[in-house]
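Read the structure below first, then the notes.
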Amino acid sequence: MDTYTQFANSMVGQQLTKTLGLPQPAVLRRYDPDTPLLPGPVVLLGASSASEAVAEHLLQWDLDVRRHVAPNERIAGIVVVLDTVATPGDLGSTVLELGSLLRQLTPSARVVIVFRDPGGSEDPATRAARQGIEGFTRSLAKEMRHGATANGLVLHESLDASAPSVAGALRFVLSGRSAFVSGQVLRVSTVNGALPGDWKRPLEGKVAVVTGAARGIGAAIATVLHRDGAQIIGVDVPAAGESLAEVINSVSGTALQVDITSPEAGQRILQHAEERYGRLDVVVHNAGITRDKLLANMDHHRWDSVLAVNIESQLRINHDLLASELFSRPEKGSGPRIVSLASTSGIAGNRGQTNYAASKAGVIGMVAASAAQLESRHGTINAVAPGFIETEMTAKMPALPREVARRLSSLSQGGQPVDVAETVAFLASDAAGGINGETLRVCGQNLVGA
Amino acid sequence: MSSSPSTPREALILGGNRIPFARAHGPYAAVSAQDMLTATLEGLIARFGLQGERLGAVGGGAVLKHPRNFNLVRESVLGTALDPTTPAYDVQMACATGMEAIGSVADKIRLGRIDSGVGCGADSISDAPIVVTDELQAVLMKASRAKTAASRLAALSTLRPGHLLPQAPGVDEPRTGMSMGEHMAVTAHRMGISREDQDAIALASHRRLAAAYDAGFFDDLITAFRSVTLDTILRPDTTAEKLAGLDPVFGKDLGEEATLTAGNSTALTDGAAAVLLSSQDWAEEHNLPVLASFLDYEQAAVDFVDGAEGLLMAPVQAAERLLRRHDMQLEDFEYVEIHEAFAATVLAHTTGWEERGLGRADPERINVVGSSLAAGHPFAATGPRIVATTAKLLHGQPGARALISVCAAGGQGITAIIEGR
């Protein structure tokens, strides 16, 4: 927790920030496998067959599901199913009902709007209504208080809402895993995927490679994937070996020292996974570097090294993965997973980061273009775009820009490495099998990259 | 147990780890041998996924050891992610400490006594124990034996300022009073080993080690430590001219005929290294590829005190017995790894072997990825460094063999044969 968030949550700080109209960052509810999915009742709005399917999902998780609540009763989550809207005029009654409940939300509550893909309809009125929900959701997210979030769940035109990934995505958005995800829409496009036998161990039996695992977000990803049941192969450059060993020993994994930009990196990873585990299920391309300079001052080394590490290595390794038998073995309908780290810099751009933004936008393009290849082996490839995350890297930013960057998000704070890791873990799970080619932002709805 | 007592099973080398070696009083100056050994084991554990594993034994040691480190290896093991019920023991055989640790672990595996183990070593010149004078020690002991305050005071009153001067640990041979370098200088002179030949070995050592680093050879042999990623003694850009320009540092009484310089002698070094060994079954159960088999090893000692034999010439005898036992000649080895205590040591050993009819070691097969002159020589860590390196060289060449030769103070030495898988 940063110093300001600590202060704002102190007794004096709470009063002072309120009086002065300063940002009031909340202490976010984060995922803990041993606490309930939601700390209170969840209200389900909207009547349709999809709504019934959503109710089924919620009831299976032993949630206190309501169609109505008493005034002043506290609510931990609201799921609004708007899949049948045909015209913008259809939105009013349901969203206003939602509005009337907002004051009853608990801290870190969740609002989830389920709707159909705008691109799935050629009818101008229907598409307008659906597109309208997207704008509505993003605006609502900015009105949420006390660590609460609002996100959209977009279903493919013909997708049955009982599909496993609808359940998976719904659960992810309701849970503490999505603490720093707000104002986003998550697209579920296929019936692929499977629900875990044990929601506490969704990656049980999986073998996962994490590049750049020695520190920061990579170390958090290794830790979270391991907590979720995966065996970890941690990859980093030999120079980071000491921290890599420390991380890997804490998750009982194996360390593989290899420079991912070397041509044989993909084969080294495959060989290690084959020899040690006989399988490879998940590859997380997390390793990345920054070499910031204004373009006018940019040299070849800075440009090339960022592109080589952040995108070219991923393209080369994916090529090797997709050519291998080891990475194409579907089990119980769940195939391989690639999760790649993009950045909100790659979406919004960032002064001094032309090289970094090019590489990270490149990741978004790569992921979209590789989706079909992965789907053909029942797998998925997705990207996670972190916003401002509290890491060693951002700790080195000058104090003022750092403070501004934190408060620009709807949650008025920076995210933690674990927030990125939880999203990666979700996308790596069987329950996310219907989500493919997407880039999901973990940015607390930061203004930058909106 | 699959093997019968009469035919020992194989002791297999699965891999190794070391930290980058560093010149003494350099980046590891504030680090203890135990810290270095712990980090080395942690890197090994991470590489092979040994967290929570109870190994059969971890054997190792240090040459320069403070009395408080009487359980150096056990204490290091307790600081790692290994199962704390993993037994550990310290051994010490001067610069052959690491080799003896590996050999003894291998023997336990061959006998079926244990299924897995680590042979390791660490040495810190920077953290060497400082010893008190004999006089101070005598006074303190007398005071501690005293039964009354008065007699204790009486004992302490005999202390003189000169008694308090610290004594640096001696590295000279106790029986000759000569340093190892002086001994080597005498042997080199007697055998007519030229300065040029010594410098050529030093140059090759640096070039080969640097090339191996560049090729990523050490990616799975070294784990960075305290921001050091590369052996600090390594000079990739050294030249024959630079080496030729150095003044002799040993055998100065030989005048113009002195040949041992700082360039062709190993520098004092801090570092640690470890090798993982196991039985075939254990390796299979743990899905760990086998690099090589630790076939056999042999210790030898020479009587150097009367001057008839060179201090560092024991590996000549050790190799002779070992090669005769296996009916082999030097030409039968794909690689020959000779610890470069001094460049002259390599030449003295190969000449000695040749004289005893063991054949000729092709220089192109000796120390192919560099050795101690370039990597440095943290005494007890040198054996594990060489064994892990050699096992990796042999991996993928089933049946190919390597001879390892390490000399040690006290006129001792160890040679070993390992075979590729």
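The values are calculated or read from the model by the stated rules, or taken from the named source; none is laboratory data. Keep in mind it's a predicted model, so treat the numbers as computed, not measured. Here Cβ is always computed from backbone atoms with ideal geometry, including for glycine, and neighbour counts include all displayed protein chains.
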Checklist outcome for this item: B:HIS25 meets each of (1) within 11 Å of chain A (Cβ to nearest Cβ); (2) outside any helix (DSSP H, G or I); (3) of a type outside the set (A, V, I, L, M, F, W, C) with one exception, condition (1)
Checklist entry - Residue check, B:ARG226 against (1) at pLDDT 95 or above; (2) at negative phi, all met but one. Which one? => result (2)
Next on the checklist: With the structure loaded, tell me whether A:ASN446 is surrounded by fewer than 24 Cβ atoms within 10 Å (Cβ to Cβ) and in contact with a Phe, Trp or Tyr (Cβ under 8 Å, 6 or more places away or on another chain) or whether it fails that test.
Outcome noted: no
Next on the checklist: Quick test of your reading of the structure: A:ALA296 fulfils all but one of (1) within 14 Å of chain B (Cβ to nearest Cβ); (2) exposed (fewer than 15 other Cβ atoms within 10 Å of the Cβ); (3) not in a loop (DSSP other than H, G, I, E, B). Name the failing condition by number.
Outcome noted: (1)
Next on the checklist: When you scan the range A:340-356, do you find a residue that is in contact (Cβ under 8 Å) with a residue 12 or more places away in the chain, in contact with a Phe, Trp or Tyr (Cβ under 7 Å, 6 or more places away or on another chain) and assigned to a helix (DSSP H, G or I), even just one?
Outcome noted: yes
Checklist entry - Do we find a residue being of a type in the set (D, E, K, R) and touching a Pro at 6+ places or on another chain (Cβ under 7 Å) anywhere in the range B:387-398? => result no
Item to check | Residues satisfying the stated conditions in the range B:198-243, i.e. in contact with a helix residue (DSSP H, G or I) (Cβ under 6 Å, 6 or more places away or on another chain), surrounded by 17 or more Cβ atoms within 10 Å (Cβ to Cβ) and more than 14 Å from every other protein chain (Cβ to nearest Cβ) | outcome: B:GLN198, B:ASP199, B:ILE201, B:ALA202, B:LEU203, B:SER205, B:HIS206, B:LEU209, B:LEU234, B:ARG235, B:THR238, B:LEU243
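Every residue, every condition in (1) surrounded by 18 or more Cβ atoms within 10 Å (Cβ to Cβ); (2) in a loop (DSSP other than H, G, I, E, B); (3) over 24 Å from the mean Cα position of the chain (by Cα), yes or no:
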| residue | (1), (2), (3) |
| --- | --- |
| B:PRO289 | no, yes, yes |
| B:GLY307 | no, yes, yes |
| B:VAL316 | yes, no, no |
| B:ARG321 | no, no, no |
| B:GLU331 | no, no, yes |
Next on the checklist: Just checking: which of the strands (runs of 3 or more DSSP E) contained wholly in the range A:149-238 hold 1 or more residues that are more than 19 Å from A:HIS378 (Cα to Cα) and not aliphatic (A, V, I, L, M)?
Outcome noted: A:149-155, A:207-211, A:231-236
Checklist entry - What strands (runs of 3 or more DSSP E) lie completely within the range B:47-134 and have 1 or more residues being in contact (Cβ under 8 Å) with a residue 60 or more places away in the chain? => result B:57-61, B:116-123
Checklist entry - Hey, among A:ARG291, A:ARG227, which residue is touching a residue at least 60 places away in the same chain (Cβ under 8 Å), in contact with a helix residue (DSSP H, G or I) (Cβ under 7 Å, 6 or more places away or on another chain), more than 9 Å from chain B (Cβ to nearest Cβ) and of a type in the set (D, E, K, R)? => result A:ARG291
Checklist entry - Can you spot a residue in the range B:101-124 that is modelled with pLDDT under 85, surrounded by fewer than 20 Cβ atoms within 10 Å (Cβ to Cβ) and more than 17 Å from the chain's Cα centre (by Cα)? => result no
Checklist outcome for this item: Of the residues in the range A:220-235, those that are closer than 23 Å to A:LEU270 by Cβ and among the hydrophobic types (A, V, I, L, M, F, W, C) come to A:ILE221, A:ALA222, A:LEU225, A:ALA230, A:ILE232, A:ILE233, A:VAL235
Next on the checklist: Being among the small types (Gly, Ala, Ser) and surrounded by fewer than 22 Cβ atoms within 10 Å (Cβ to Cβ) is the filter here; which residues of the range A:127-162 pass it?
Outcome noted: A:ALA128, A:GLY132, A:GLY135, A:SER139, A:SER158, A:SER162
Checklist entry - Within the range B:297-309, is even one residue under 16 Å from B:GLY420 (Cα atoms), touching a residue at least 60 places away in the same chain (Cβ under 8 Å) and out of contact with any Leu (no Cβ under 6 Å at 6 or more places or on another chain)? => result yes
Checklist entry - Between a first residue in the range A:47-63 that is modelled with pLDDT under 95 and a second residue that is hydroxyl-bearing (Ser, Thr, Tyr), which pairs have beta carbons less than 7 Å apart while being 6 or more apart in sequence or on different chains? => result A:SER48/A:THR84
Item to check | Extreme residue, farthest from the other protein chains (Cβ to nearest Cβ), among residues of the range B:244-263 that are of a type in the set (Gly, Ala, Ser) and in contact with a Leu (Cβ under 8 Å, 6 or more places away or on another chain) | outcome: B:GLY251
Checklist entry - Among the residues of the range A:271-288, is there at least one that is surrounded by 16 or more Cβ atoms within 10 Å (Cβ to Cβ), part of a helix (DSSP H, G or I) and within 25 Å of the chain's Cα centre (by Cα)? => result no
Checklist entry - Can we say A:LEU427 is assigned to a loop (DSSP other than H, G, I, E, B), assigned by TED's automatic domain parsing to the domain that holds A:ALA287 and crowded, with 22+ Cβ neighbours inside 10 Å? => result no
Item to check | Members of the range B:337-372 that are in contact with a strand residue (DSSP E or B) (Cβ under 7 Å, 6 or more places away or on another chain) and either of a type in the set (Lys, Arg) or not assigned by TED's automatic domain parsing to the domain that holds B:ARG325 (or both) | outcome: B:ARG365
Item to check | Selection status of B:VAL290, at negative phi, aliphatic (A, V, I, L, M) and away from every other protein chain (no Cβ under 14 Å) | outcome: no
Checklist entry - When you go through B:ARG208, B:ARG195, B:ARG235 one by one, which is the residue that is under 15 Å from B:ALA343 (Cβ atoms) and touching a Ser or Thr at 6+ places or on another chain (Cβ under 6 Å)? => result B:ARG195
Checklist entry - Which number in (1) surrounded by 15 or more Cβ atoms within 10 Å (Cβ to Cβ); (2) closer than 30 Å to A:SER412 by Cβ marks the one condition that A:SER324 misses? => result (2)
Checklist outcome for this item: All conditions in (1) surrounded by fewer than 21 Cβ atoms within 10 Å (Cβ to Cβ); (2) within 14 Å of another protein chain (Cβ to nearest Cβ); (3) closer than 30 Å to A:GLU274 by Cβ are true of B:GLY56 except (2)
Checklist entry - Got a number for residues in the range A:247-270 being part of a helix (DSSP H, G or I) and either over 24 Å from B:GLY16 (Cβ atoms) or more than 7 Å from every other protein chain (Cβ to nearest Cβ) (or both)? => result 8
